[in-house]
Structure formats: structure tokens, C-alpha cells
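The structure appears below as C-alpha cells.
Rule-based calculations on the coordinates, nothing more; no lab input. The structure presented is a predicted model; accordingly, all values stated were derived computationally and were not measured. Cβ placement follows ideal geometry from the backbone for every residue including glycine, while neighbour counts extend to all protein chains displayed.
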Amino acid sequence: MDKMKGQQSIQLDRAVYIVGRASVTGKKEGEGPLGDKFDIVCEDPMFGQESWELAESTMQKKAAQTALEKAGLSPSQLRYIFAGDLLGQLIATSFGVETLDVPLFGLYGACSTCGESLALGAMAVCGGYADYVMALTSSHFASAEKQFRFPLEYGNQRPLCATWTVTGSGAFILSGKRGRVRISGITTGKIVDYGIKDSMNMGAAMAPAACNVIAQNLRDFHRQPEDYDKIITGDLGYVGQEILLELVSEQGYDIREKHMDCGIEIYDQKTQDTHAGGSGCGCSAVTLAAYILPLLEQGTWRRVLFVPTGALLSPTSFNEGQSVPGIAHGIVLEHVQ
């Protein structure tokens with residue numbers, strides 16, 4: 001089997017299964033349409049800690065422990081953890097997983113980190129370098145606002161194109177041992193920059209990168225949108241979704257009937273005042289763990305293309321007037337009989 005497919009994709013020649021999953025969220029996410037599907041919903045946004053950053057670390061640790069418990073594993077059985085978050089130097093991750101005492105690859109792909117961690121974890125298992133690995137990521141509304149925009153105490157106004165950073169952490173355990181969902185292919189994204197400089201309009205910044213991955217995946221695997229039950233982006237929201245659909249149509253594909261966005265699914269736009277939808281590393285991660293994977297496990301969906309999307313900005317780059325490049329990573333997920 002040719003492992004390399006087209007320009008940006010690979011096809012795994014050894015089955016890699018998702019054998020454990022967990023989702024931990026905050027109160028607002030628990031009040032949304034998917035609230036009854038999450039493993040843990042914490043009413044306290046501080047998660048019992050003294051800072052937003054420690055709260056996010058605690059949430060990530062809870063997700064990791066829950067995934068291990070559901071898979072019937074101990075931390076010592078993990079060969080590697082592939083993990084990341086939105087904070088500088090990945091401090092939510094480093095302080096969140098340190099007590100697990102497992103070798104760590106710290107990753108930053110902004111809100112696309114869930115896809116990046118799944119891709120690299122699957123490659124490690126497929127290559128025979130690990131029996132079990134964990135893909136883990138998180139975001140927290142307050143820690144993200146504090147770093148990228150304004151402290152909550154400012155009470156600043158949010159434009160309608162803004163998305164709401166999800167307070168959530170998703171953990172996934174990958175293995176070569178048989179499960180009900182497998183990762184069969186990966187399409188690694190490129191950095192795509194359309195010159196967007198509005199840090200409040202993440203959907204517009206990320207949509208071109210999502211288009212690149214979706215179109216390239218279809219070309220590399222010689223597929224049409226109809227070959228997927230769903231094509232699922234991570235964090236585009238309502239604004240980014242419309243941009244994506246137009247950009248993909250320019251590539252010769254109509255995905256309107258197949259497309260779903262985690263940032264749209266996780267909140268009720270009308271009642272929760274989230275404007276354009278949800279975003280953040282935790283958005284696609286908890287939606288995958290709580291909503292997408294169960295439908296694949298049941299066989300309701302047979303094959304989906306999961307495409308978390310990220311905006312590659314920092315406070316420094318934004319304050320220096322730089323644009324906001326986007327990146328996305330595609331994971332092909334399939335039901336196993």
C-alpha cells in the first residue's frame with residue numbers, strides 16, 4: 001500500500017483505533033445542545049483553583065484521567081501524550097499532565113491542535129512506536145480572553161462576528177488494538193493567510209485553511225463529498241461556515257449538505273449569546289468525544305472527515321499589526337464493524 005496519498009495526505013497501512021475518549025466542560029457548555037453528552041460538566045469555572053490557568057490545567061487532567069478510566073488503562077501504559085492548548089508555552093498542558101509521568105510531545109496548532117495531536121498520535125501507533133498514546137487538548141474562555149483580548153473585568157463589547165472560546169478539554173486514547181472507530185487517513189494542513197487582521201473574526205481567518213484541507217483531502221484520496229457522511233470543521237462558526245462553503249465551491253465541490261461545524265453545534269446561538277458560535281482548542285475536542293465518535297461507534301455515520309481549524313496569532317503578532325494566518329488538519333474517521 002502506498003502510504004503517501006497525493007500532495008498532503010497519508011493512508012495508514014496499519015489500523016489505528018480510538019479506544020478511549022473523554023470530555024470535560026464548563027457550565028455554559030453544559031447548558032448548550034450537547035450538554036447531556038459530556039462526561040463531566042463543572043459548575044465552577046475555576047475548577048476549585050486560584051487562577052484561570054490552573055483551572056484549565058485541572059480540567060485537562062480530569063479529561064485525561066477519565067479517558068484512562070473508561071479505557072481501563074493506567075498512565076504507565078501510555079507510551080506518549082500528544083497535547084496542547086492556547087496559552088503561552090503550553091502552560092495549561094505542562095501543569096495539567098505533569099503528575100501522569102508520561103513522555104510528552106507539546107503541540108501548538110491553535111484551535112486545530114486536536115487534529116494535530118490525533119494525526120501525530122496515529123502515526124506513532126501505526127509506525128509501531130507505541131501501543132497506546134493519548135491525544136489531549138483544552139481551552140478555557142477566561143484564560144484565552146485574558147491572553148488574547150481583554151481581562152473579563154473590562155466588560156468589553158464583542159462584535160457579532162466574534163466566537164466564544166469553549167471551556168472544555170477532550171482526551172482520546174489511540175491504539176492498534178481493535179476498537180469501534182479507526183483513523184484511516186490524515187491530511188496535514190498548510191498555513192494559509194488571506195490577510196485578515198481582525199482578531200475578533202476568527203471564522204474568516206480560518207476558513208481558507210479549512211478549504212485547503214478539505215479540497216486537498218478529496219483530491220488526494222480521489223473522493224467526492226458524497227463519500228463522507230459528514231465533513232466537520234472545528235471552529236468556524238456561522239460567519240466562517242458561509243465563507244468556507246463559497247471557497248470550497250470555487251474548488252469545484254459542493255459540501256453544503258455534508259458540512260457541520262463544531263462551533264455551531266456546541267451552543268444555542270439564540271439563547272446563549274455566543275454570537276458567531278464557539279471556538280478554542282476544546283471546541284472540536286469535546287464535540288468529537290461527546291457527539292461525533294458515539295455516532296461513528298453506533299454506525300449512524302460510516303465515515304467522516306474531521307477538520308479542526310486554528311488561527312495562528314499571538315498577542316505580540318496582533319499588536320505588531322500582523323495578519324492572522326490559519327491552519328487546519330484533516331482526520332478521516334471510519335466506523336468499524
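Find how much the distance from E320 to R79 grows on full extension, using 0.36 nm per residue of separation minus their present alpha carbon separation; answer in nm with one decimal. Intermediate values should be presented prior to the final figure.
Numbers: separation 241, 0.36 × 241 = 86.76 nm, distance 4.02 nm.
Extending this stretch completely gives an extra 82.7 nm.
With both bridge residues required to lie in the chain, what share of the DSSP beta bridges run antiparallel, to the nearest 5%?
Percent antiparallel among DSSP bridges in the chain is about 65.
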- request: From the C-alpha gyration tensor of region 229-290, pull out the three semi-axes of the equivalent ellipsoid (sqrt of 5λ each), sorted largest to smallest, in whole Å.
  value: 21, 14, 9
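Rounded to the nearest 0.05, what FRET efficiency do Y194 and S51 give with R0 = 35 Å and r taken as the Cβ-Cβ distance? Could you check? It would help to have the intermediate numbers written out before the result.
Details: r = 35 Å, r/R0 = 1.01.
Here the calculated transfer efficiency is 0.50.
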message: Can you tell me which lysines have their Cα less than 30 Å from the Cα of K270? Leave out same-chain residues fewer than eight positions away.
response: K27, K28, K37, K146, K197, K230, K258
statement: Dividing the surface of the Cα convex hull of region 216-337 by four yields a projected area in nm² of 8.9
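What list do you get for D193, D85, D13 if you sort them by fewest beta carbons within 10 Å? Write down the numbers at each step before the final one.
Working: D193 16, D85 33, D13 10.
So the residues, fewest neighbours to most, are D13, D193, D85.
Kindly provide the helix-only [θ] at 222 nm of the chain, computed as the sum of -39,500 (n - 2.57) over DSSP H runs of four or more divided by all residues, to the nearest 500 deg cm²/dmol?
Numbers: 12 runs with 112 residues, N = 337.
Rounded to the nearest 500, it is -9500 deg cm²/dmol.
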query: Among P103, P45, P325, which one moves the most in a GNM of the chain with springs linking Cα atoms closer than 10 Å?
result: P103
field: Among N217, N201, N319, residue whose mean-square fluctuation peaks in a GNM of the chain (springs only between Cα atoms under 10 Å)
entry: N319
message: Sort Y108, Y267 by Cβ crowding within 10 Å, fewest neighbours at the top.
response: Y108, Y267
field: Dimensionless Rg ratio for region 4-175, taking C-alpha atoms and the 2.2 N^0.38 Å reference
entry: 1.06
Sites K27 and S249, calculated FRET efficiency, Cβ-Cβ separation with R0 35 Å, nearest 0.05: 0.35
- line: The extension gain from D131 to R223, computed as 0.36 nm times the residue separation minus the Cα-Cα distance, is 30.0 nm
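If you take the beta carbon distance between Q89 and D2 as r and set R0 to 35 Å, what does 1/(1 + (r/R0)^6) give as a FRET efficiency, to the nearest 0.05?
On the way: r = 39 Å, r/R0 = 1.10.
Efficiency, from the Cβ-Cβ distance: 0.35.
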query: Using the Cβ atoms and a cut-off under 15 Å, what net charge is assigned to the surroundings of M123, where Lys and Arg are +1 and Asp and Glu are -1?
result: +2
- request: Kindly write out, for region 314-323 in residue order, the coupling ³J(HN,Hα) from the Karplus curve 6.51 cos²θ - 1.76 cosθ + 1.60 (θ = phi - 60°), rounded to whole Hz, with x marking Gly and Pro.
  value: 9, x, 5, 4, 5, 5, 8, x, 6, 6
Candidates E69, E31, E250, ranked by Gaussian network fluctuation over the chain, Cα under 10 Å, top entry: E250
task: Place a label point 7 angstrom from the Cα of Q337 along the Cα-to-Cβ direction, then list the residues of region 279-310 whose backbone nitrogen is under 13 Å away.
output: none
message: Suppose we keep just the DSSP beta bridges with both residues in region 2-113; what percent of those would be antiparallel, to 5?
response: 20
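Suppose we take every Cα in the chain and form the convex hull; what volume per residue is that in Å³?
On the way: hull volume 41.1 nm³, N = 337.
Per-residue hull volume (Cα only) is 122 Å³.
What is the fewest-to-most order of E50, E265, E116 by other Cβ atoms lying within 10 Å of their Cβ?
Working: E50 8, E265 18, E116 27.
Taking fewest neighbouring Cβ atoms as first place, the list is E50, E265, E116.
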